[in-house]
Amino acid sequence: MPKSHQKHAEWTPSRIIAWAIETGPRTAELAEVIMKERRHPEQGYRSCLGILRLGKTYGAARLEAACARALVARARSYGHVESILKAGLDRVPLPEISDAPPTPLPEAHENIRGPRYYS
């Protein structure tokens, strides 16, 4: 194996997730999702390591917030997390996501034609 590849052989998904946990739980969750979505976990290593490296530039708190936003937005790459940080979206509160069903439309209203109109 070439010397440039030998260090990569020492990496495992659990090792990368352990590094991500040092930043925070959302960062670790994003790293785990990235590796699970790839055909082979090794294909997600560079993306995960790039995301972890963003913590040196932006700080752990901002990276954790950006990873939380990326998880909500289903953004699964280094580029997505980087753009969240560059745009400052990590500082914008996440919208509340409600599990409640949407409010039903009113049953009777003068502007609602109903299904009988189209028959």
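Quick notes on this one:
- LYS86 vs. criteria assigned to a helix (DSSP H, G or I), at pLDDT 95 or above and charged (D, E, K, R): yes
- Scanning region 74-83 for residues that are part of a helix (DSSP H, G or I), out of contact with any Gly (no Cβ under 9 Å at 6 or more places or on another chain) and within 11 Å of LEU30 (Cβ to Cβ) gives a single hit, HIS80.
- Filter result for ALA68 (outside any helix (DSSP H, G or I), closer than 19 Å to VAL92 by Cα and either of a type in the set (A, V, I, L, M, F, W, C) or modelled with pLDDT of 90 or more (or both)): no
- Residue among GLY79, GLY50 that alone is in contact with a helix residue (DSSP H, G or I) (Cβ under 6 Å, 6 or more places away or on another chain) and either at negative phi or modelled with pLDDT of 95 or more (or both): GLY50
- Pairs with Cβ under 6 Å, 6+ apart, first in region 29-44 and modelled with pLDDT of 90 or more, second of a type in the set (Ser, Thr, Tyr): ILE34/SER47
The values are calculated or read from the model by the stated rules, or taken from the named source; none is laboratory data. No experiment lies behind these values; they were computed from the predicted model shown. Quick reminder, even Gly has a Cβ in these numbers, built from the backbone with ideal geometry, and neighbours come from all protein chains shown.
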